[in-house]
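Taking it in order: structure first as structure tokens, then the write-up.
The values are calculated or read from the model by the stated rules, or taken from the named source; none is laboratory data. Quick caveat, the model's predicted, so the values are computed rather than measured. All Cβ positions, even for glycine, are placed from backbone atoms using ideal geometry, and neighbour counts span all protein chains on display. Protein only, heavy atoms only, side chains kept; ligands, DNA and RNA dropped before computing areas. Shrake-Rupley method; radii C 1.70, N 1.55, O 1.52, S 1.80 Å.
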Amino acid sequence: MIITNAKIVPPGVGVTLITMGDTTVSYKAQVVAEWEDGTSSVALSYYNDELRFRKEEFIGKTQEQVDDLFHKKDVAYLQS
């Protein structure tokens, strides 16, 4: 499934997901993805004092591609 839109939510802000209607609060930044089937979910959680993302980096990607993007940025951060 492909991401059609994404929103980056800062830590400490509640996220309401379309599929469940529940509000969750995280101490990590979250990328909330809207998928091509109209559902939404948290595609990625990360510490925003270590990594930086833009929502445009997620549009058109699959979950596997999002995981790969995170891994590449995380390794680069840890090696810096």
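Points worth noting:
- Just one of the listed residues (F58, F70) is open to solvent by less than 40 Å² (accessible area, probe 1.4 Å) and modelled with pLDDT of 95 or more, and it is F58.
- Residue match in region 43-54 (condition: at pLDDT 95 or above, in contact with a strand residue (DSSP E or B) (Cβ under 6 Å, 6 or more places away or on another chain) and open to solvent by 90 Å² or more (accessible area, probe 1.4 Å)): no
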